[in-house]
Amino acid sequence: MCGILFELSQADNLTTSSVSDDLVKDVARRGPDSLESVELTVGSSRLKFTSSVLSLRGTAVVPQPLFSNPGTAEKQDDAPEYVLCWNGEAWRFDGQEFGSDENDTELIFAQLSSCNGEVQDVLQKIEGPFAFVFYDGPSKRVWFGRDWLGRRSLLRRKPVSGDGNVAICSIADPRTTSQWEEIEADGFYYIDLRTDTGPRRIHRVPFVSDTTGSLSMKLPIPQLCKHIPPADPPALSLESPPVSRLYDLLYDSLRLRVQNVPLHSIPLVPGHEGKLRPSKVGILFSGGVDCTMLARIVHDILPFEEPIELLNVAFENKRVLNAAFAEARKVKRSKASTPATNGAESECNALEDVDTISTLNSIYDVCPDRQTGRKSWSELQIVCPTRDWRFREINVPYEEVVEHKRAVIALLHPHDTEMDLSIGLAFYFASRPLETDSPRILLSGLGADELFGGYARHGTAFNRAGYPGLIDELELDLTRLGRRNLGRDDRIIANWSREARFPFLDERLLQEVISWPVTDKCGFGAVQSDEEWSALGNEKQVLRLLAWKLGMKGVAGEKKRAIQFGARTAKMEARSGGKVKGTQKISVAPG
């Protein structure tokens, strides 16, 4: 994980920087291991590249930006031919995995520096999430963009009339957030420094399903399978091939993401051995089937002595608490007005404690994700008793939410709805390090609902329009995944110098699962058997059956719950004049 900042301005501009010092500090927060800049002049343009580094690959920290002739960047005549700012994890290149001791940034830079200007050909051979800025000296082009799914954040400042300046960054400048927009994950872009003058024209090399001979790149995944099953197809079972195949796909995806974490990337504290041994990997853990299955399969990959952190967040939601108080007092008054039996008297006495609930841990204990998390943690301990499962209860008082709200809003930008804020708050506090040796790598189950039909609206779509309606809904989810979620979540989590990894969004897993018929993924419309597992539900049925098969029967039956409701970040404040809807704009702007 790294922070990227690129500035392009006129060479005769005496201003040292077109962005604030606060933005540079925020870029540095994303990568505490290194912060460096490279500056050069190309014709009438001044280019400045800045990168911070969170080192998670290879045998040592590799500072960025990488450039082709170290030590001469300050001399215009000897300016670097190539410069790369890279924020990504290239798991494979042209089908081949990188070695455990190799640094992907160095290898990608070598490929880009020798591609004779065919930058897009190099980039489309990469498997893994990334965002980048790359200067190709011989062609005088500055390339930038995000991977085809948009798994890493990259923004650009909106062009100003008559201004030839350009700024590209992993995050928005906190002092001018409204001026920044997200770079779409619809292709790779370049600026031609040879011909463009004045306002900079940005060229796009698009991603397409089928290349047509023009300058474009083929998407690495096929079209979603739209086969319409026959009426009343048989339901999936524990022995269905997709169940065991899903295990293989997730195992391979997770293997790339949790093995070979270099020792230099693990913050070590003297005396932290044995039970205090630091974790390499943490899981954003609600206790649902998605994240718990990641934990269960990671157990099959990592050595038994490696601890695994389960990060479970719960919030003090004043709105929910006040509603509970009001209802409890109403019941209390009703009980007090009638003669009480011993049972009713005990109930009434218990209700007297409601006024002190906000001072007790029970305010967090009643959060749905805390209850589900504890149950799934207990099941993991039973099924995998040799593992040190570290269940981290992250309790967030309302006052802390108020204190950090503006910072979260700035990181979310350009996402700006109440739902974005609810989800952003949950990830912001869940990923905040608890201590000096917290793991830098966090696994997320994002993508499972979109792939396997896990949202309530998938059932609604099936009930409304059958299999065609369900397939259309799944296709819509896949096409907008990057735009809705991934850049936003990257900005939030990387703020704490931690990297989110998404095993369900591995290219090879996606390529195969997308080609499955819908009845290999979920159970809508299928004829259920009389077996014990048939009551698991239709949503994400293949994943639930895999959980059952691996001994996680309780987890297999857990229903989908959005993080903002499970952690209780949704609707933390009652807005005057009516209810707050998730689609409404955030009520407090960053200031």
Return the only residue of 27, 61, 42, 19 being touching a His at 6+ places or on another chain (Cβ under 7 Å) and either surrounded by fewer than 16 Cβ atoms within 10 Å (Cβ to Cβ) or aliphatic (A, V, I, L, M) (or both).
61
Hey, among 79, 90, which residue is farther than 18 Å from residue 190 by Cβ and either surrounded by fewer than 23 Cβ atoms within 10 Å (Cβ to Cβ) or at pLDDT below 95 (or both)?
79
Give the residues of segment 268-285 that are among the small types (Gly, Ala, Ser) and at pLDDT 95 or above, sorted by residue number.
282
Of the residues 486, 474, 505, 478, which is surrounded by 19 or more Cβ atoms within 10 Å (Cβ to Cβ), more than 11 Å from the chain's Cα centre (by Cα) and either farther than 30 Å from residue 24 by Cα or not aromatic (Phe, Trp, Tyr) (or both)?
474
Limited to segment 1-16, what total is found for residues that are surrounded by 16 or more Cβ atoms within 10 Å (Cβ to Cβ) and either basic (Lys, Arg) or not in a strand (DSSP E or B) (or both)?
1
I'm trying to understand the selection: among the residues of segment 448-461, which are crowded, with 22+ Cβ neighbours inside 10 Å and over 12 Å from residue 543 (Cα atoms)?
450, 458, 461
Please note which strands (runs of 3 or more DSSP E) are completely contained in segment 106-197 and include at least 2 residues that are in contact with a Gly (Cβ under 7 Å, 6 or more places away or on another chain) and surrounded by 19 or more Cβ atoms within 10 Å (Cβ to Cβ).
130-136, 187-192
Would you confirm, using the coordinates I've provided, whether residue 510 is in the same structural domain as residue 554 (by TED's automatic domain parsing), of a type outside the set (D, E, K, R), under 26 Å from residue 145 (Cβ atoms) and not in a loop (DSSP other than H, G, I, E, B)?
yes
When (1) more than 19 Å from residue 312 (Cβ to Cβ); (2) outside the structural domain of residue 485 (by TED's automatic domain parsing) are applied to residue 451, the one that fails is (2)
Is at least one residue of segment 395-416 crowded, with 21+ Cβ neighbours inside 10 Å, in a strand (DSSP E or B) and either touching an Asp or Glu at 6+ places or on another chain (Cβ under 8 Å) or hydrophobic (A, V, I, L, M, F, W, C) (or both)?
yes
Being loosely packed, with under 14 Cβ neighbours inside 10 Å and assigned to a loop (DSSP other than H, G, I, E, B) is the filter here; which residues of segment 238-253 pass it?
238, 239
Keeping to segment 123-166, report how many residues are at pLDDT below 95 and β-branched (Val, Ile, Thr).
2
Mind listing just one residue for me: the one in segment 149-177 that is of a type in the set (Ser, Thr, Tyr) and in contact (Cβ under 8 Å) with a residue 60 or more places away in the chain and, of those, farthest from residue 505 (Cα to Cα)?
176
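The values are calculated or read from the model by the stated rules, or taken from the named source; none is laboratory data. All of these numbers come straight from a predicted model, not from anything done at the bench. Ideal geometry is used to build each Cβ from the backbone, glycine not excepted, and the neighbour counts take in all protein chains shown.
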